[in-house]
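Below is one structure; the comments refer to it alone.
The values are calculated or read from the model by the stated rules, or taken from the named source; none is laboratory data. Note that the structure is a prediction, hence the values are computed from the model and not measured. Here the Cβ positions follow ideal geometry from the backbone for every residue, glycine too, while neighbour counts run over all protein chains shown. To get the accessible areas, we keep the full protein, side chains included, count just its heavy atoms, and leave off ligands, DNA and RNA. Shrake-Rupley method; radii C 1.70, N 1.55, O 1.52, S 1.80 Å.
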Amino acid sequence: MTFKRADRVADLIREEVNRILVKDIMDPRVRNVTITDVRVTDDLRIAKIYFVPLGQDSPSEDVRKGLEKATPFFRRNLGKRLNLRFVPEVHFYFDEVFARGQRVERLFGEIRKKEDEDGRENP
């Protein structure tokens, strides 16, 4: 199986952005954000970073503003940490797929709970 360079760079960016979030970001608006995926264009010029705020189904306006404000900080730190000729532009996107998965999992949990309750009532 072969991997494109863009895929390898995306993995590196995901790791580094997570490190930056854990160790370097002081903004409380983005402290509880998890990076779920990174997609980099084939020319390595644009990185789309997908995130979810922990414990929330959708990001608050504060989280969006915090990430928008921190974007130059992320890009500057990625430039220092990655050995690339060009540092990609960084764009943050809410990961709706992950949120939908969480919602479906929560619904399944409610169904299981209801079935367990119904099973106990009718021996």
Are any residues in segment 13-64 open to solvent by less than 50 Å² (accessible area, probe 1.4 Å), under 13 Å from PHE94 (Cβ atoms) and either among the aliphatic types (A, V, I, L, M) or assigned to a loop (DSSP other than H, G, I, E, B) (or both), and if so, which ones?
VAL30, VAL33, ILE35, ILE49, VAL52, PRO59, SER60, VAL63
(1) modelled with pLDDT under 85; (2) surrounded by 12 or more Cβ atoms within 10 Å (Cβ to Cβ); (3) out of contact with any strand residue (DSSP E or B) (no Cβ under 7 Å at 6 or more places or on another chain): which one isn't true of ASN122, the others all being true?
(2)
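In this structure, is PHE98 on the phi < 0 side of the Ramachandran plot, part of a helix (DSSP H, G or I) and free of Cβ contacts under 8 Å to residues at least 24 places away in the same chain? Steps first, answer last, please.
Details: on the phi < 0 side of the Ramachandran plot: yes; part of a helix (DSSP H, G or I): yes; free of Cβ contacts under 8 Å to residues at least 24 places away in the same chain: no.
Judged against the criteria, PHE98 is not a match.
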Search result, residues across segment 82-95 that are surrounded by 13 or more Cβ atoms within 10 Å (Cβ to Cβ), out of contact with any Phe, Trp or Tyr (no Cβ under 9 Å at 6 or more places or on another chain) and at pLDDT below 90:
LEU82, LEU84
Could you give every pair whose Cβ atoms fall below 7 Å, whose first residue belongs to segment 11-24 and is within 16 Å of VAL87 (Cα to Cα), and whose second residue is open to solvent by 80 Å² or more (accessible area, probe 1.4 Å) and assigned to a helix (DSSP H, G or I), counting only separations of at least 6 or pairs across chains?
GLU16/ARG81
For segment 50-69, enumerate the residues that are of a type in the set (A, V, I, L, M, F, W, C) and touching a helix residue (DSSP H, G or I) at 6+ places or on another chain (Cβ under 6 Å).
VAL52, VAL63, LEU67
Which of (1) open to solvent by 40 Å² or more (accessible area, probe 1.4 Å); (2) among the aliphatic types (A, V, I, L, M); (3) assigned to a helix (DSSP H, G or I) does ALA10 not meet, given it meets every other one?
(1)
